[in-house]
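Q: Shown below is the structure under consideration.
The values are calculated or read from the model by the stated rules, or taken from the named source; none is laboratory data. Predicted model, so just to flag it, every value in this text is computed and none were measured. Every residue, glycine as well, gets a Cβ built from its backbone with ideal geometry; the counts of neighbours run over all protein chains shown. Keep in mind that these areas ignore ligands, DNA and RNA; they rest on the heavy atoms of the full protein, side chains included. Shrake-Rupley method; radii C 1.70, N 1.55, O 1.52, S 1.80 Å.
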Amino acid sequence: MKTLLAIVIVLSPALLLAEEPSQAAFEKINAKVQVRDGAVHSLSANCDGYTDQEYQLIGKLTTLKSLSLSGKDLNDEQLKMLSGLKNLESIMINGTVLTDDGYQHFTAFPKLTKLSIFHPSRKLEAFNGSGLAHLKDLPALESLTFAGATAGDEALEAVGQLTQLESFREWHNTETSDGLKHLTKLKNLKSVRLGQRLPNWGKDTPASFDNDSIAILAKIPSLESIELTEARLNYDAVVQLKDLPNLKTIKISQVDISEADVEKLKSAMPGVEIKWDPLTDEQAEMLTKKLRL
C-alpha cells in the first residue's frame with residue numbers, strides 16, 4: 001500500500017502538466033500567449049464568438065498573470081470559469097455582458113492588483129455599476145479603470161467603498177458631478193484621472209466634470225498625481241489643488257484652459273510638475289460637441 005501511494009505522488013505532477021493546453025490550442029482560437037521561464041505569463045484575445053469551451057481552455061492556464069480580453073460576449077458564468085487562475089495580477093476587459101452580481105467572480109483572483117474595465121455591459125439596461133462594490137474583497141487591488149459605461153453615480157458610489165485603491169481612472173460614463181463626491185472616501189488614493197461623462201448626442205446634459213469638480217479632488221490629501229481631461233477649466237479652479245500636501249504632478253490634456261492660466265498655475269505651484277498639452281482645433285471642436293456649451 002505504501003509503494004502504491006508513492007507512485008501516485010510521483011506521477012501526479014506529470015499528470016497535471018499533461019492537462020496544460022498547448023500553445024497551438026490557443027492559436028486556433030486566435031489568442032496570443034507570452035511564455036516566461038517556461039510558463040504562460042500572459043494571454044490576450046478577441047473573445048467575440050467564444051463559447052464556454054474557449055473560456056474553459058483559458059481557465060486551465062494556472063500560471064497566467066496577465067489577461068486581456070476584448071469582445072462583447074463574456075458573461076457571469078464564463079467569468080466564473082476562469083476562477084482557477086489564482087495567479088492573475090492584471091486583467092483588462094473591453095466589452096462584456098456581466099451583470100452587477102457577476103462582479104463577485106472577480107474575487108476569485110486574490111493576487112489581482114490591476115483591473116481595467118472598458119465599455120462594460122452596454123447591452124444590459126439593468127447594469128448600473130453597483131457590482132463594483134464586490135471588489136472591496138480584493139485587498140491587493142491597487143488600480144481600477146472604469147470607462148465607457150452606461151453606468152454612473154451608482155458605480156462611483158461603489159468605487160467609494162474600495163478604500164484599498166491607490167489609482168482610479170474614469171471617463172465616458174454617465175455619472176453626474178455629484179457622483180464624483182464619492183471619491184473623497186478613497187483615503188489611500190495616490191493617482192486619479194478624471195474625464196467627461198459619456199457624450200449624450202443631441203441632448204443638453206450637464207457636464208459631469210468642470211471647475212466645480214476640482215474642489216472634490218482638493219479634499220483627497222493622499223493624491224500625488226492628477227490627470228484632467230475633456231473639460232473647460234480655469235486658474236481659479238485648478239489652483240485649489242496647491243494645498244494638497246503630497247501632490248507631485250498635474251497633467252492637463254484635451255482641456256479648454258488658457259496658456260496664461262497654465263503659466264499662472266506653474267508660478268503658484270512651483271513644487272508641482274504641470275504637464276500641459278494645448279488643445280488642438282480638432283479637440284476644441286469635439287469638446288464643444290460633447291459639452292454642447
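Q: Report yes if Asp76 is over 28 Å from Leu165 (Cα atoms) and among the charged types (D, E, K, R), otherwise no.
A: Judged against the criteria, Asp76 is not a match.
Q: Next up: How about the range 234-276: which of its residues are open to solvent by less than 40 Å² (accessible area, probe 1.4 Å) and either under 23 Å from the mean Cα position of the chain (by Cα) or at pLDDT below 95 (or both)?
A: Leu247, Thr249, Ile250, Ile252, Ser253, Val255
Q: Out of (1) exposed (fewer than 15 other Cβ atoms within 10 Å of the Cβ); (2) within 21 Å of the chain's Cα centre (by Cα); (3) among the basic types (Lys, Arg), the odd one out for Arg36 is which?
A: Only one criterion is unmet by Arg36, namely (2).
Q: Restricting attention to the range 113-126, report how many residues are in contact with a strand residue (DSSP E or B) (Cβ under 8 Å, 6 or more places away or on another chain), of a type in the set (A, V, I, L, M, F, W, C) and either open to solvent by 10 Å² or more (accessible area, probe 1.4 Å) or at pLDDT below 95 (or both).
A: 1
Q: I want to confirm something. Restricting to the range 171-187 and keeping residues that are modelled with pLDDT under 95 and charged (D, E, K, R), which single residue is farthest from Gly148 (Cα to Cα)?
A: Here the residue is Asp178.
Q: Taking Thr174 as meeting all but one of (1) part of a strand (DSSP E or B); (2) within 17 Å of Ser208 (Cβ to Cβ); (3) polar (S, T, N, Q), write down the number of the exception.
A: Tallying (1) part of a strand (DSSP E or B); (2) within 17 Å of Ser208 (Cβ to Cβ); (3) polar (S, T, N, Q), Thr174 fails exactly one: (1).
Q: Ok, one more. Would you pick out the residues in the range 76-129 that are touching a Pro at 6+ places or on another chain (Cβ under 9 Å), more than 16 Å from Ser44 (Cβ to Cβ) and not in a loop (DSSP other than H, G, I, E, B)?
A: Within the range 76-129, none qualify.
Q: Mind checking whether some residue in the range 51-67 is closer than 29 Å to Gly179 by Cβ, touching a strand residue (DSSP E or B) at 6+ places or on another chain (Cβ under 7 Å) and open to solvent by 40 Å² or more (accessible area, probe 1.4 Å)?
A: So far as the range 51-67 goes, no, none of its residues is closer than 29 Å to Gly179 by Cβ, touching a strand residue (DSSP E or B) at 6+ places or on another chain (Cβ under 7 Å) and open to solvent by 40 Å² or more (accessible area, probe 1.4 Å).
Q: Residues to consider are Ala231, Ala151, Ala207; find the one that is more than 22 Å from Ala284 (Cβ to Cβ), surrounded by 19 or more Cβ atoms within 10 Å (Cβ to Cβ) and either free of Cβ contacts under 8 Å to residues at least 12 places away in the same chain or small (Gly, Ala, Ser) (or both).
A: Among Ala231, Ala151, Ala207, only Ala151 is more than 22 Å from Ala284 (Cβ to Cβ), surrounded by 19 or more Cβ atoms within 10 Å (Cβ to Cβ) and either free of Cβ contacts under 8 Å to residues at least 12 places away in the same chain or small (Gly, Ala, Ser) (or both).
Q: Taking Glu77, is it modelled with pLDDT under 90 and open to solvent by 70 Å² or more (accessible area, probe 1.4 Å)?
A: In short, no.
Q: Consider Glu157 carefully, then state whether it is of a type outside the set (A, V, I, L, M), open to solvent by less than 40 Å² (accessible area, probe 1.4 Å) and not in a loop (DSSP other than H, G, I, E, B).
A: no
Q: Which of the residues that make up the range 128-156 are over 14 Å from the mean Cα position of the chain (by Cα) and under 17 Å from Arg193 (Cα atoms)?
A: Gly152, Asp153
Q: So for the range 5-26 (the condition being at pLDDT below 95, part of a loop (DSSP other than H, G, I, E, B) and loosely packed, with under 11 Cβ neighbours inside 10 Å), does at least one residue qualify?
A: yes
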